[in-house]
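Data block below; observations after.
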Protein chains: 2
Amino acid sequence: MAIPRVRSAVRVANCLPAERLAISLSNTPSFDHERHALRGLRRASTVSKDSNGRRKERVVILGSGWAGYGFARSLDPNKFERIMISPRSYFVFTPLLAGTAVGTLEFRAVLEPVRRLGLDQFHQGWADDIDFARKTIRVEANTSDDLASRTRLAMKHSPDGAEKGATFDVEYDKLVIAVGSYSQTFGIEGVREHANFLRDVGDARKIRQKVLQNFEKAALPITTDEERKRLLHFAIVGGGPTGIEYAAELHDLIRDDLTKTYPNLMEFVSITVYDVAPKVLPMFDKKLADYAMDRFKREGIQVKTEHHLTRIRPDEECEGCLKLKITEYGDEEVGAGIVVWSTGLMQNPLVQKLESKTFKMPSSDSKMQLQKHAKTGGIVTDANLRVHMVPNPATSKSSPDPESNAALLPDVYGIGDCTVISGVGLPATAQVASQQATHLAKRLNKGDIDKKPFKFRNLGTMTYLGNWTAIHQSSADELKGWMAWVLWRTAYLTRSMSIRNKITVPFYWAISWIFGRDISRF
Amino acid sequence: MAIPRVRSAVRVANCLPAERLAISLSNTPSFDHERHALRGLRRASTVSKDSNGRRKERVVILGSGWAGYGFARSLDPNKFERIMISPRSYFVFTPLLAGTAVGTLEFRAVLEPVRRLGLDQFHQGWADDIDFARKTIRVEANTSDDLASRTRLAMKHSPDGAEKGATFDVEYDKLVIAVGSYSQTFGIEGVREHANFLRDVGDARKIRQKVLQNFEKAALPITTDEERKRLLHFAIVGGGPTGIEYAAELHDLIRDDLTKTYPNLMEFVSITVYDVAPKVLPMFDKKLADYAMDRFKREGIQVKTEHHLTRIRPDEECEGCLKLKITEYGDEEVGAGIVVWSTGLMQNPLVQKLESKTFKMPSSDSKMQLQKHAKTGGIVTDANLRVHMVPNPATSKSSPDPESNAALLPDVYGIGDCTVISGVGLPATAQVASQQATHLAKRLNKGDIDKKPFKFRNLGTMTYLGNWTAIHQSSADELKGWMAWVLWRTAYLTRSMSIRNKITVPFYWAISWIFGRDISRF
């Protein structure tokens, strides 16, 4: 069943528990116990009890996004001890992020601090490794909020030896993997260094500052008109809802507010959305997507489909400007003041690490690994959101089809962007993550996880188009224009927010409507 | 009257205007016209006309603080062209800054963007030099908001050759110098590098982040109790109103909010205010200051008077902690997680530069310089806020008493922290700056600047003490406790704010009161 070398390793494992761990983790940097002991490693091991004095099951949640936060919020604290591990200490209400990036909303109005959930424990840090056999997570502490508030690119945990935080172990009875995804730069030169992302609140803040800063630079008497054109060309790469909404919000900001403060600069302003696909907003049907394009055309926002960006570099002739190389334009580069990157996701490095390692469960003799989804690289789960494991192909003689050999990894669940339900193709959206979170929490609360599979209920898709209009599409109906905008606002108000933000969000909408968007920078 | 060498210089000056300028500025780096022409230097010279088609007088305002912003706000735009030059693009309502540093208020609720004043021009930059004879200001552009939003220390324009922004010239008919002051570190080792200041909104943001970050660090299971004590010791240096109010607000935050999120950490928290003087709050009479100290004692905030801090350095045993050397404790250093520095002002480098140079006005033969106030180093003005100039002592044979030789520098006015009214000792406070600003604007609007001297009307001093109490003292009455707190809040609400912030500030007070202060970090 296994090749001789491995067999002997397994034999050693049976007598020496400590070594067994080292062996089972041989594909990854092993948990170096001595080193960590020297650094003051301690286990987080208080015991939480329910009202009858019984020890509560400890549920550890990795991540504080739509999946992780949503799950933690719905899990019954009377039945379970809730422990969350996430590098950032808050949940971001992502659909309103574009609004904060232009000052319509206050940043905090789209945040929910994790500490408010009243969890048993919250550890600000990255899950660095998981030992499924010993039910233990190695956590690397993160206390840099600045780092945590930005879009995650594949930089952290890269092999370039970046400084690591202190580490400690956390044990679980049940584990929920909800670590989400990272942004994908497709290896395009300069994207990582010069583009702005829009997935977290630190990103929104940076974009907002840069846009206003570019207007201020353009307003200086020493700036030439050619420089003004470049500084005030706002390029957005990616024609999905995030890119389109940001273009719309930016256009609102410029037309409603900046036009009053910088009237002489308006002639230099332009907004362009670039996408490689033949059409933007692919999740909407043609009628609605055409309506969106028609609106954009009327507002003067350019949409360039089938355009391939291949490089971003600083413009040496214009401080603070960028030059974009686009295949379709040949050698001539396009000048821009800012490039907002909103296309593509990739797997979290933790997911990649977990999928590449083999482990041995105490109940079985064979070496196992997580089942990896061939196309997306996500962790495969069953319809009940339980994580699949498959025999390690290198050591297994059985059928090469992983699906037929898949077993359940005991007490490990996966939800959100980092997972794929076996045989079901759901998009990596907030709506899916959020519904999975609620489903899993309900099932654990009721103790019927094996009885009810998860079913996605498509509530429709919405995108704000600027100037009080939006589009909305669901299986039942389609809406566009002002009515869709009303739906867009009310839907987001009623969903997944604290009462505090249910009050502050409409308050800020009203203030921005009456007095204009906030244009102060700091 | 003048020594021969200078006399010949003056003679040259009479024939060659370009060289005259270079000579008149010989004490400072001269305006290098060629270099700036190469960098695309242009003069900001649009012409603004009043309703009768006459060219309006151009008033250039340096600074956007209590003095500069207050003046620009009150100056009649129908009579004057208003141009402001300031490194930051907003006014900060400083009395509420301590509240933003603990999350009671949103940062933007204490800002007023300068662009909202509808000025004829706003240039974001530093006044780098002034040529009084040619009525021209050399401006160095600043487009880094991050830099502008922090307390200004004597770093910018230091002779260490820091990179300079592009420069351009602005001409004035009338000039108002309102550049304020910098923070004074008294050359104490480590203050500049490791202390936090609290004079601008970027400072408040940094303090807020650090305080919450320290709690998060202390909450990690790997942190020892000794480290927790250090991380959660909050030291404030300076027992003036700012230091005391920050201590009070911080105590409110901890007692009202953080005690719920980090109940196990409360035993490690301590707050200490250090001051070199024998008593804090020197502007209040003994009864009120004693009341304040009594309140602090009851809340557990320590006040250490007659304590001299001589060094701040990083604590090598505790990441993120500091060690304070205090003369009174000998070799034993005090550990702290954060040091908030709120003591001492020094003159703006521009003021020092202007005071050290000589110039020759077209109307006179003798070399002049600004009159410098002996004790504070401020620019001396007459009672009507017009800037004094005196003959250069090196070239003048007249009496050594500058006062008797003081003349008015035509069309140049000075208000706020950077100025001193000849023979009148007013404190460097927002109240003085604000009243001077309004007075000067009114006089210029009416054209009776020479008729009415400025008179300071003491409206009293207020300090928030935490837990819904404050103290208030004026010539007419004294108030303490809850009533003073009500007065404190209403006074600041009704003063010097936009309607927008008159609405948002009480809204945020209410939200914080109902739901607790905001503890999200990013």
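Please treat every number below as a calculation from the coordinates, not as lab data. These numbers were taken from a predicted model, which means no experiment stands behind them. Here Cβ is always computed from backbone atoms with ideal geometry, including for glycine, and neighbour counts include all displayed protein chains.
Structural remarks
- Extending 7 Å from Cα along the Cβ direction at residue B:51 and again at residue A:474 yields two label points whose distance is 5.7 nm.
- For the stretch B:379-485, the tally of Lys pairs with Cα-Cα distances below 28 Å comes to 5, considering only residues 8 or more apart or on different chains.
- Among the lysines of the stretch A:191-343, pairs at least eight places apart or on separate chains and with Cα atoms under 20 Å apart come to 22.
- For the stretch A:197-236, the set of GluC sites (Glu not before Pro) satisfying both a DSSP loop assignment and a count of at most 12 other C-beta atoms within 10 Å is empty.
- In terms of surrounding Cβ atoms within a 10 Å radius of their Cβ, A:245, B:332 rank from fewest to most as B:332, A:245.
- Positive-end residue of A:432, A:283, A:505, charge dipole of chain A with Cβ unit charges: A:432
- Copy-to-copy label separations for residue B:118, where each label sits 7 Å from Cα toward Cβ, in nm and ascending: 5.1
- Within chain A: Cβ-based charge dipole about Cα centre, in debye rounded to nearest 20 (Lys, Arg +1; Asp, Glu -1): 2100 debye
- Taking the centroid of alpha carbons for each part, the stretch A:169-221 and the stretch A:406-458 are 27 Å apart.
- Scanning residues 5 or more positions from residue A:166 or on other chains, those with amide H under 5 Å from its amide H are A:141, with H placed 1.01 Å from N in the peptide plane.
- About the centre of its Cα atoms, the stretch A:260-401 shows a dipole size close to 880 debye [charges on the beta carbon of Lys, Arg (+1) and Asp, Glu (-1) only; nearest 20 debye].
- Averaged over the residues of A:106-113, the number of partner chain Cβ atoms lying within 10 Å of the residue Cβ comes to 5.
- For chain A, the Cα-based Rg and Dmax, in that order, read 24.8, 79 Å.
- Per-residue average of Cβ from other chains inside 10 Å of B:209-221: 5
- Counting Cβ atoms of other protein chains within 10 Å of each residue's Cβ and taking the mean over peptide A:499-508 gives 3.
- Exposure proxy ranking, count of Cβ atoms within 10 Å, fewest first, for B:84, A:462, B:283, B:361: B:283, B:361, A:462, B:84
- Sites residue A:276 and residue B:482, calculated FRET efficiency, Cβ-Cβ separation with R0 60 Å, nearest 0.05: 0.40
- Once the C-beta distance of residue B:510 and residue B:298 is scaled by a Förster radius of 30 Å, the resulting FRET efficiency is 0.65 to the nearest 0.05.
- Calculated FRET value between residue A:383 and residue A:457, using beta carbons and R₀ = 22 Å, to 0.05: 0.90
- Computed over the stretch B:191-342, relative contact order equals 33 percent, with contacts defined as Cα pairs under 8 Å that lie 6+ residues apart.
- Computed over chain A: relative contact order in percent, which uses C-alpha pairs under 8 Å that are six or more apart: 17 percent
- Average Cα contact separation per residue, the stretch A:350-493, under 8 Å, 6 or more apart, as relative contact order %: 15 percent
- Ordered by the count of other Cβ atoms within 10 Å of each Cβ, fewest first, B:448, A:382, A:417, A:256 give B:448, A:256, A:382, A:417.
- Ellipsoid semi-axes in whole angstrom, largest first, where each is sqrt(5λ) of the Cα gyration tensor of the stretch A:191-343: 24, 18, 15
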